[in-house]
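I have placed the structure first, in the form of structure tokens, so that the comments after it can refer back to it.
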Amino acid sequence: MFLLGHSCWSYLFSKLTGRQVKVNLPAYMALLAGVLPDFDIYFKPLIQHHTYTHSLIILLPICAVLVIRFKGLGLAFSAGTLSHLVADSIVGTIPPLYPLSNFQFGISLGLPSPADTVLEVGALGLVLFRAYLNGDYKLVTESQGESVNLVIPMVSIVTLTLLFAGDNNVSLAAFAFSRKALTLITLGHAVLIGILGLGVVQGVRAIITDRKQPNPASSPVARLPQP
């Protein structure tokens, strides 16, 4: 699955899990969790893509530590991370026992394929709906410092896409619009990045506004002796 689907399904799984255990995982972390298994792209050729970070043998102990350390927040974050493996096993395969075995598990619906397109674009629509219901949409529509954290999943998605394309000698411009399915998925990525970008702008605006406001403790009136 492409990063559009991974980030969106991660958001949905993380938020649903968080709601069940009564914690609110920040939106940027909910989006980032599902992208983390593809961070092996940053370390190529030291780590081969789709191996260690897509193995249950590796991820389950890490998730267990997160749950023990951070309780409900760790559980919600872990749900988003593990959703990556679920999604990849639907459209392709994963090596759940790597490095002990190269056994591949999955139903391989195809990438790209009509099923993958529905899963990716549909997930984006569900995220927008869910964000409206839980108030996360305010990160984009209102000026608040927390919004600047959306730069983390935004930069991750963009850089991983560029690195993957470069490593595989793929022309993004040609590949993105080579099929109808890929065109829809490409537009979905553009919408998601655009929304995250607007959120980052709102966060920067909030930070700049806060810094421009005078500090009451440093004003001349505040330093006058009290009667």
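Each value in this text was obtained by applying a stated rule to the coordinates, not by laboratory testing. Predicted, not measured: the structure shown is a model, and the values here were computed from it. Don't worry about glycine lacking a Cβ; one is built from the backbone with ideal geometry, like all the others, and counts go over all protein chains shown.
To the nearest 10 degrees, how steep is helix 56-91 against the longest Cα principal axis of the chain, on a 0 to 90 scale?
In the chain, helix 56-91 runs at an angle near 40 degrees to the longest axis.
What are the ³J(HN,Hα) couplings of the range 146-157, residue after residue, when phi is run through the Karplus curve with 6.51, -1.76, 1.60 and θ = phi - 60°? Round to Hz, x for glycine and proline.
Rounded to whole hertz, the list is 4, 4, 5, 5, 5, 5, 5, x, 5, 5, 4, 5.
Rounding to the nearest 10 and keeping the result within 0 to 90°, find how far the Cα-based axis of helix 180-212 lies from the longest principal axis of the chain.
20
In a GNM of the chain with a 10 Å cut-off on Cα contacts, which of V201, V158, V86 has the highest mean-square fluctuation?
Taking springs between Cα atoms under 10 Å, the residue moving most is V158.
How big is the dipole moment of the range 3-213 about its Cα centre under a simple scheme where the beta carbon of each Lys and Arg is +1, that of each Asp and Glu is -1, and everything else is neutral? Debye, nearest 20, please.
Dipole magnitude for the range 3-213 comes out near 500 debye.
Give me, ordered by chain and number, the residues 5 or more places off F105 or on other chains with an amide H under 5 Å from its own placed amide H.
Under 5 Å from the amide H of F105 lie the amide H atoms of I94, each far enough along the sequence or on another chain.
Please work out the Cα center distance from the range 51-76 to the range 95-141, rounded to the nearest Å.
Taking the Cα centre of each part, the range 51-76 and the range 95-141 sit 18 Å apart.
Give me the three principal axis extents of the range 32-126 from the C-alpha atoms, as integers in angstrom, largest value leading.
Over the range 32-126, Cα extents along the principal axes are 40, 33, 23 Å.
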